[in-house]
Amino acid sequence: MLPIVLYNGSKRWNAKEDIYQLIRPEPPQFLRVYQPHLRYYLIDEGRYTEEELAQRQSPLSGIFGIENAAADIDALQRAVDRIVALIQADPNKQRMDEILTRWIKRHLHYLDAQINLNQLNSLTENKDMLAENLETLRENLLNKGRMEGRMEGRMEGRMEGRMEGRMEGEQFGAEKSKRETAHNLIARTDMNDQTIAEITGLPVTEVARLRSEALH
């Protein structure tokens, strides 16, 4: 039995590769010999560079290249070109072409490519069609990026507008409260304008103006 973990996540695999290392707390010395050990062979696709994959002449390395390319259209096109060459060199060319064509259609659908692949029936025979669709995908991604940028700009503008409006409203409310306090002090006390200004935080000229309005 050969346990194999095939991992294609965006982050690198960092889990323990032997279940014995997961046993915590570590058992006492006399029990360690009885603890289970099970190692697995890890294939972390993202650790392979494009150059390393190019040195492995197998359809699986082509699949890794396409998955690693993700939404990088230039890298994706190079990976497709390489996998087409690998299919053409395979002794079971027709069967391999059928399998990998179905796979890449599912993969592009998973990427939410928004392109029509209904007429793509063969990677080797419809290579130019796929290349055109990848260019369409490039345009779709660019347009999507522009739309997201515009939406983010609008959202930021709205948030800034709301914050400014809220701050202006709070400032207006604070000024109104100061004037009301000044009105009350003018009407009910013998305080002079300077003292009222110090209490309310209003300029002395504003307090004088409020006093003049109260007298008329």
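Among the hydrophobic types (A, V, I, L, M, F, W, C) and under 30 Å from residue 23 (Cβ atoms) - does that describe any residue in region 61-78? Give the steps one after another, and end with the answer.
First, pick out the residues of region 61-78 that are among the hydrophobic types (A, V, I, L, M, F, W, C): 63-64, 66, 69-71, 73, 75-76.
The next check asks that each one be under 30 Å from residue 23 (Cβ atoms); those that pass are none.
No, that holds for no residue.
Select, from 152, 175, 139, the only residue that is in a helix (DSSP H, G or I) and modelled with pLDDT of 75 or more.
Numbers: 152 fails: modelled with pLDDT of 75 or more; 139 fails: modelled with pLDDT of 75 or more.
Only one candidate qualifies: 175.
Taking the residues in region 24-48 that are more than 33 Å from the chain's Cα centre (by Cα) and open to solvent by less than 60 Å² (accessible area, probe 1.4 Å) as candidates, determine which candidate is nearest to residue 64 (Cα to Cα).
First, the residues of region 24-48 that are more than 33 Å from the chain's Cα centre (by Cα): 24-39.
Those still in the list that are open to solvent by less than 60 Å² (accessible area, probe 1.4 Å) too: 27, 35.
Working: 27: 40, 35: 36 Å.
Here the answer is 35.
Among 134, 130, 120, which is the only one that is open to solvent by less than 40 Å² (accessible area, probe 1.4 Å), part of a helix (DSSP H, G or I), at pLDDT 75 or above and under 23 Å from residue 93 (Cβ atoms)?
On the way: 134 fails: at pLDDT 75 or above; 120 fails: part of a helix (DSSP H, G or I).
On inspection, the qualifying residue turns out to be 130.
When both residues are 6+ apart or on different chains and their Cβ atoms are under 6 Å apart, which pairs have a first residue that lies in region 72-95 and is within 22 Å of residue 135 (Cα to Cα) and touching a residue at least 40 places away in the same chain (Cβ under 8 Å), and a second that is in a helix (DSSP H, G or I) and of a type in the set (Gly, Ala, Ser)?
Between residues of region 72-95 that are within 22 Å of residue 135 (Cα to Cα) and touching a residue at least 40 places away in the same chain (Cβ under 8 Å) and residues that are in a helix (DSSP H, G or I) and of a type in the set (Gly, Ala, Ser), the close pairs are 76/69; 83/62.
Within region 87-108, does at least one residue satisfy the condition of being more than 18 Å from residue 8 (Cα to Cα), among the hydrophobic types (A, V, I, L, M, F, W, C) and open to solvent by less than 20 Å² (accessible area, probe 1.4 Å)?
Yes, region 87-108 contains a residue that is more than 18 Å from residue 8 (Cα to Cα), among the hydrophobic types (A, V, I, L, M, F, W, C) and open to solvent by less than 20 Å² (accessible area, probe 1.4 Å).
Within the group 82, 56, which residue is of a type outside the set (Ser, Thr, Tyr) and open to solvent by 70 Å² or more (accessible area, probe 1.4 Å)?
Details: 82 fails: open to solvent by 70 Å² or more (accessible area, probe 1.4 Å).
That would be 56, the only listed residue that is of a type outside the set (Ser, Thr, Tyr) and open to solvent by 70 Å² or more (accessible area, probe 1.4 Å).
Within region 198-216, can you find the residues that are farther than 13 Å from residue 185 by Cβ and assigned to a loop (DSSP other than H, G, I, E, B)?
Residues satisfying the conditions are 203, 216.
The values are calculated or read from the model by the stated rules, or taken from the named source; none is laboratory data. Only a predicted model underlies this, so the values are computations on that prediction, with no experimental measurement involved. Glycine gets a Cβ as well: all are built from the backbone with ideal geometry, and neighbour counts include every protein chain shown. Surface accessibility is based on the protein's heavy atoms, side chains included, excluding ligands, DNA and RNA. Shrake-Rupley method; radii C 1.70, N 1.55, O 1.52, S 1.80 Å.
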